[in-house]
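Novice: Take this structure, written in structure tokens, and hold onto it; I'll ask about it next.
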Amino acid sequence: MINYPNIDPEIFRIGPLSVRWYGIMYLAGFVASYLLVQYQLKRKHIVLPKDTLESLYSYLILGLLIGARLGYAIFYNFNYYIHRPLEIFALWQGGMSFHGALIGVFVAGILFYRKYKVDFWQLSDMVVITAPIGLGLGRIGNFINGELYGRVTDVPWAMIFPGAGSMPRHPSQLYEFMLEGVVLFTVLWILKDRFNKGIISGLFLVLYGVFRFIVEMFREPDVQVGYIMGVLTMGQMLSFLMIFAGLGVIMLRRAQR
């Protein structure tokens with residue numbers, strides 16, 4: 001067994017405001033994504049109208065936050081929030097869903113496309129290539145927070161997480177960091193110039209769905225949801241849909257080629 005490092009989630013505090021590792025991780029992810037998309041645009045000699053890229057990330061950040069919170073409320077804690085709808089806005093209480101964030105980002109992307117008339121699939125491919133950076137850093141933030149931990153196990157690298165009882169568990173956040181962050185980014189970055197527009201976006205959906213489905217086998221399911229049909233977690237069900245959506249995008253873009 002490995003000792004959990006027990007890093008303070010709070011970096012520093014100024015009065016009632018605190019700066020936490022989790023927030024810094026997501027900020028770093030957005031900055032890295034912006035810079036890498038900018039790099040890809042320059043490399044491909046694509047010139048967007050002034051402030052277009054900045055506007056895109058404003059849309060994406062807003063869509064991510066709204067989608068992640070609503071997704072958590074609907075997919076993971078519907079019975080609670082249906083009776084306390086105003087608490088959906090209490091972001092400081094925690095509770096965000098990646099699959100909800102994905103839907104929110106997609107809707108934001110559509111709204112951005114309708115306003116700015118850009119090449120939707122071209123920008124989509126450039127952004128999703130960079131998404132694993134934020135996803136991976138976010139899982140490091142989850143690890144520091146001691147949340148979203150794994151199931152009880154006796155593997156040599158198991159850890160005892162604060163607030164998760166006295167039994168050693170899988171550090172599933174680190175599994176997700178490697179698969180959804182490092183591996184996914186590496187694969188997409190290598191393949192980014194080998195496919196027509198839209199294929200990379202579909203491939204992102206498929207690969208993330210597969211990786212998330214695998215990691216969910218080691219991750220403790222949300223206590224208020226448990227197992228669906230006694231076998232699958234909510235994350236696995238949503239990842240199934242994500243995989244099918246990705247395959248649909250790939251087939252659609254190949255047919256439109």
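Novice: If only one of Ile190, Ile199 is surrounded by 16 or more Cβ atoms within 10 Å (Cβ to Cβ) and either more than 15 Å from Arg151 (Cβ to Cβ) or modelled with pLDDT of 95 or more (or both), which one is it?
Specialist: Exactly one of Ile190, Ile199 is surrounded by 16 or more Cβ atoms within 10 Å (Cβ to Cβ) and either more than 15 Å from Arg151 (Cβ to Cβ) or modelled with pLDDT of 95 or more (or both), namely Ile199.
Novice: When you scan region 160-197, how many residues do you find that are part of a helix (DSSP H, G or I) and closer than 23 Å to Gly235 by Cβ?
Specialist: Qualifying residue count, region 160-197: 17.
Novice: Exactly one of (1) touching a helix residue (DSSP H, G or I) at 6+ places or on another chain (Cβ under 7 Å); (2) touching a residue at least 40 places away in the same chain (Cβ under 8 Å); (3) surrounded by fewer than 15 Cβ atoms within 10 Å (Cβ to Cβ); (4) of a type outside the set (Asp, Glu) is unmet by Ile228. Its number?
Specialist: Looking at each condition in turn, Ile228 falls short on (2).
Novice: Does Arg114 qualify as being crowded, with 18+ Cβ neighbours inside 10 Å, assigned to a helix (DSSP H, G or I) and either of a type outside the set (A, V, I, L, M, F, W, C) or touching a strand residue (DSSP E or B) at 6+ places or on another chain (Cβ under 9 Å) (or both)?
Specialist: no
Novice: Pairs only if they're at least six apart or on different chains, beta carbon under 8 angstrom, first in region 175-191 and farther than 11 Å from Tyr208 by Cα, second of a type in the set (Lys, Arg) and in a helix (DSSP H, G or I); list them, first residue then second.
Specialist: Short answer, once both residue conditions are applied: Phe177/Arg139.
Novice: Do you know which residues across region 53-69 are surrounded by 15 or more Cβ atoms within 10 Å (Cβ to Cβ) and either not in a helix (DSSP H, G or I) or not hydrophobic (A, V, I, L, M, F, W, C) (or both)?
Specialist: Selection gives Ser55, Tyr57, Tyr59, Gly63, Gly67, Arg69.
Novice: Oh, and also: Looking for something crowded, with 20+ Cβ neighbours inside 10 Å and hydroxyl-bearing (Ser, Thr, Tyr) - is there at least one such residue anywhere in region 179-187?
Specialist: no
Novice: Only one of (1) over 26 Å from Met126 (Cβ atoms); (2) surrounded by 14 or more Cβ atoms within 10 Å (Cβ to Cβ) is not met by Phe211, so which one is it?
Specialist: The number of the failed condition is (1).
The values are calculated or read from the model by the stated rules, or taken from the named source; none is laboratory data. Since we're looking at a predicted model, the values are computed, not measured. For neighbour counting, all protein chains shown are included, and Cβ atoms are generated from backbone atoms with ideal geometry for every residue, glycine included.
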